[in-house]
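A.B. asks: Here you go, one structure.
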Amino acid sequence: MNSQNGFLLSYIKYGENDAVLHCFTEEDGFQSYFLKGIYTKRNKKKALLLPLSKLNFSLNPLKGNGIQTISKFELVKSNDIYTDIKSNSVVFFISDFLNQNLRHENKNQSIFFCLEEFIDELENQNYQSHFIFLIKILKIQGVAPLINDGKYLDPETGVFTETLTHQLFSEEISTIWKSILYAENPYQLKIRSSFRKDFLDSLLVYYHYHITDFRTPTSLEVIQQIFE
């Protein structure tokens, strides 16, 4: 029997009592698993199925071309991020983001460990950790901007230039990008609240240019409202 650690990204109900889980795992990257009986009245473990909860799955051997079935699962680590409305909105946003954009990602321990670091920051009520996490993912994927002396980030080329090429990438927003890219520990940086909406919008624009088939998370509006 195979054992696997993974972060839950989403799940959908299947039939009356079962579910299909979408996870990002340490050993195999993005995976979908079949979970029997999770919706039965006697099953108390549905409460563990929270976005980005870190779970350990015991998996039955794969038969044929279907998806693997979970024989049992346990919570690896409990935390308090789901009781804080701001942390909760960040978790839903990032899980939604990853669920839509990591579908074809194979084993990538850098992303997995980056997720662990992000959750730790959120536990410490770092409400801007999602900004840093998204830039770290760009670095891991090899499409982060190239740093030079330019004042304005050109989102299409990924290069800083001397002229404004996109209205969202003002000198102030471009400076935030550069500060995060330069920083040894970017999670310690503070982003002024007045810039956070435009900075998040700039991140999504950059992703559209550099990540194939990028999809804007459906939870974007919620996180923007929470932090207004």
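A.B. asks: Consider Thr175 carefully, then state whether it is more than 30 Å from His104 (Cβ to Cβ) and not in a helix (DSSP H, G or I).
C.D. replies: Considered against the rule, which asks whether it is more than 30 Å from His104 (Cβ to Cβ) and not in a helix (DSSP H, G or I), Thr175 comes out as no.
Condition check ((1) farther than 27 Å from Arg103 by Cα; (2) buried (at least 18 other Cβ atoms within 10 Å of the Cβ); (3) out of contact with any Ser or Thr (no Cβ under 8 Å at 6 or more places or on another chain)) across all residues:
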| residue | (1), (2), (3) |
| --- | --- |
| Ser174 | yes, yes, yes |
| Ser179 | yes, no, yes |
| Gln188 | yes, no, yes |
| Arg192 | yes, no, yes |
| Ser202 | no, yes, yes |
| Ile211 | no, no, yes |
| Phe214 | no, no, yes |
| Leu220 | no, no, yes |
| Gln224 | no, no, yes |
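A.B. asks: Select from the range 194-224 the residues that are of a type in the set (Ser, Thr, Tyr) and in a helix (DSSP H, G or I) and write down the one among them that is farthest from Leu146 (Cα to Cα).
C.D. replies: Going residue by residue through the range 194-224, those that are of a type in the set (Ser, Thr, Tyr) are 194, 202, 206-207, 209, 212, 216, 218-219.
Still in the list and also in a helix (DSSP H, G or I): 194, 202, 206-207, 209.
Values: Ser194: 26, Ser202: 16, Tyr206: 13, Tyr207: 15, Tyr209: 15 Å.
Checking each candidate, the answer is Ser194.
A.B. asks: Another question about this same structure. Can you name every residue in the range 1-16 that is without any contact (Cβ under 8 Å) to a residue 24 or more places away in the chain, of a type outside the set (Asp, Glu) and in a loop (DSSP other than H, G, I, E, B)?
C.D. replies: Within the range 1-16, just Gly15 meets the criteria.
A.B. asks: So is Tyr127 buried (at least 17 other Cβ atoms within 10 Å of the Cβ) and touching a residue at least 60 places away in the same chain (Cβ under 8 Å) or not? Even if it seems obvious, please write down each step before you answer.
C.D. replies: On the way: buried (at least 17 other Cβ atoms within 10 Å of the Cβ): yes; touching a residue at least 60 places away in the same chain (Cβ under 8 Å): yes.
Considered against the rule, which asks whether it is buried (at least 17 other Cβ atoms within 10 Å of the Cβ) and touching a residue at least 60 places away in the same chain (Cβ under 8 Å), Tyr127 comes out as yes.
A.B. asks: Tell me, yes or no, whether the range 6-13 has at least one residue that is of a type in the set (Ser, Thr, Tyr) and in contact with a helix residue (DSSP H, G or I) (Cβ under 7 Å, 6 or more places away or on another chain). Write out each step before concluding.
C.D. replies: Pass one, the range 6-13, residues of a type in the set (Ser, Thr, Tyr): 10-11.
This time we only want the ones that are in contact with a helix residue (DSSP H, G or I) (Cβ under 7 Å, 6 or more places away or on another chain), so: 10.
Yes - at least one qualifying residue is present in the range 6-13.
A.B. asks: Is the range 64-87 home to any residue that is surrounded by 20 or more Cβ atoms within 10 Å (Cβ to Cβ) and not hydrophobic (A, V, I, L, M, F, W, C)?
C.D. replies: yes
A.B. asks: Right, another one. Within the set of pairs 6 or more residues apart or between chains, which connect a residue that is within 12 Å of Asn126 (Cα to Cα) inside the range 179-190 to a residue that is of a type in the set (S, T, N, Q) and assigned to a loop (DSSP other than H, G, I, E, B) with Cβ atoms less than 7 Å apart?
C.D. replies: These pairs meet every condition: Tyr187/Asn126.
A.B. asks: Also: For the range 17-53, how many residues are among the hydroxyl-bearing types (Ser, Thr, Tyr) and part of a loop (DSSP other than H, G, I, E, B)? Spell out the reasoning first.
C.D. replies: Pass one, the range 17-53, residues among the hydroxyl-bearing types (Ser, Thr, Tyr): 25, 32-33, 39-40, 53.
Then keep just the ones that are part of a loop (DSSP other than H, G, I, E, B); that gives 39-40, 53.
Adding up the residues that qualify gives 3.
A.B. asks: Turning to a different aspect of this structure: Tell me, please, whether a residue that is within 17 Å of the chain's Cα centre (by Cα) and either aliphatic (A, V, I, L, M) or modelled with pLDDT of 95 or more (or both) can be found in the range 57-74.
C.D. replies: Scanning the range 57-74, I find no residue that is within 17 Å of the chain's Cα centre (by Cα) and either aliphatic (A, V, I, L, M) or modelled with pLDDT of 95 or more (or both), so the answer is no.
The values are calculated or read from the model by the stated rules, or taken from the named source; none is laboratory data. Just so we're clear, the structure is a prediction, and the values are computed from it rather than from any experiment. In this analysis, Cβ positions are derived from the backbone assuming ideal geometry, glycine residues included, and neighbour counts consider all displayed protein chains.
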